[in-house]
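Structure, as structure tokens:
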Amino acid sequence: STFRHLTEDYAVEVIEAVAPSLAGGARRVFSEEALEDAYAGPGVRIADAAISYPAAWVVIEINTRQLKQESVVGISDESLDIDLEAVLDEADQVYSTIRQIRANEAGLTGAAPVGARRFYPVVILTEGFPLNPMVTTRLREAIDARGWADPSDTQPLTVLELTTLEIIEALQETGGPDLPSVLDGYFGSLMVNASVRDYLLVDQRVQPGRSRR
């Protein structure tokens, strides 16, 4: 439990590094506590963080749950289904939070939105996951079946390993794209059913170094 708590704290640290405060101190990362203050209520599930961009919101839930060993080595479809359900539970919190921001952004930020917003639902897995076309397709089909996403303003769910977020952090430090731009490129690529990590390293051929942090 201690390890999982510390891992979640570290993931939040990376998120804050990916989206530092703007000039003048205006914050871009809204914590779980800030989201709860704005939106807590009956039936409302709150994500771990939300990042504000000029025309987008990235809403994030962090999953520190360890995979079943049978899923890791790919020998049990039943175990994979259990692990997928855990990811879907995290995704439910993300989509619940997106609905709140869409309905009342000013309740969180104190200012009405200017122009249209696009939402990027993200689940970060700190313990890894067998991200491949079969698993990714099953996950997105399950979300579509639940009717959580509004495709008019919401990208499909992205599952990111924590190491992939570290790669994006390092890219931004050298003038690379921000997180929404990375996700837009990923969804527009031929590797949309692979992992974002594979998209960056294989399709984009990036060679990220270590971040200053």
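5 Å is the cut-off here: which amide hydrogens, built 1.01 Å from N in the peptide plane, fall below it relative to Ile124, excluding neighbours closer than 5 in sequence?
Distant-sequence amide H within range of Ile124: Glu61, Ile62, Asn63, Leu160.
Need the C-alpha centroid separation for region 135-193 versus region 76-111, integer Å.
14 Å
Using 0.36 nm per residue, how much length does the chain from Ile82 to Asp203 gain when fully extended, once their Cα-Cα distance is taken away? Please report the intermediate quantities before stating the final value.
Numbers: separation 121, 0.36 × 121 = 43.56 nm, distance 3.08 nm.
Full extension of this stretch gives 40.5 nm more.
Can you tell me the FRET efficiency between Arg210 and Thr7 if r is taken as the Cβ-Cβ distance and R0 is 22 Å, rounded to the nearest 0.05?
Using R0 = 22 Å, I get an efficiency of 0.70.
So what's Rg/Rh here for region 98-213, counting alpha carbon atoms and using the Kirkwood radius for Rh?
On the way: Rg = 15.5 Å, Rh = 15.6 Å.
Taking Rg over the Kirkwood Rh, I get 0.99.
Which residues' amide hydrogens lie under 5 Å from the amide hydrogen of Phe119, considering only partners 5 or more residues apart or on another chain, with H built in the peptide plane?
Trp57, Thr154, Gln155
Which percent, nearest 5, of DSSP beta bridges in the chain are antiparallel?
Numbers: 8 of 21 bridges.
Beta bridges within the chain, antiparallel portion: roughly 40 percent.
Would you indicate which of (i) 22.5; (ii) 17.7; (iii) 24.1 is the value of Kirkwood radius over Cα pairs in Å derived from the coordinates of this structure?
Label (ii) holds the value from this structure.
If you roll a 1.4 Å probe over the chain with all protein chains in place, what percent of the accessible area is carbon or sulfur? Before the final figure, lay out each step's value.
Numbers: 5170 of 10520 Å².
The nonpolar share, carbon plus sulfur, comes to 49 percent.
At a Förster distance of 45 Å, what's the computed FRET efficiency of Arg138 paired with Ala106, Cβ-Cβ distance as r, to 0.05?
Values: r = 37 Å, r/R0 = 0.82.
According to the calculation, E is roughly 0.75.
Give me the accessible area per residue for the chain, probe 1.4 Å, as a whole number in Å². Mind showing how you got there, number by number?
Details: 10520 Å² over 213 residues.
Normalised by residue count, the accessible surface of the chain is 49 Å².
Counting helices only, and only those DSSP H runs with n ≥ 4, report the 222 nm mean residue ellipticity of the chain as the sum of -39,500 (n - 2.57) divided by its residues, in deg cm²/dmol to the nearest 500.
Working: 8 runs with 96 residues, N = 213.
For the chain, the value works out to -14000 deg cm²/dmol.
The values are calculated or read from the model by the stated rules, or taken from the named source; none is laboratory data. Everything quoted here is computed from the prediction, not taken from an experiment. Don't worry about glycine lacking a Cβ; one is built from the backbone with ideal geometry, like all the others, and counts go over all protein chains shown. Protein only, heavy atoms only, side chains kept; ligands, DNA and RNA dropped before computing areas. Shrake-Rupley method; radii C 1.70, N 1.55, O 1.52, S 1.80 Å.
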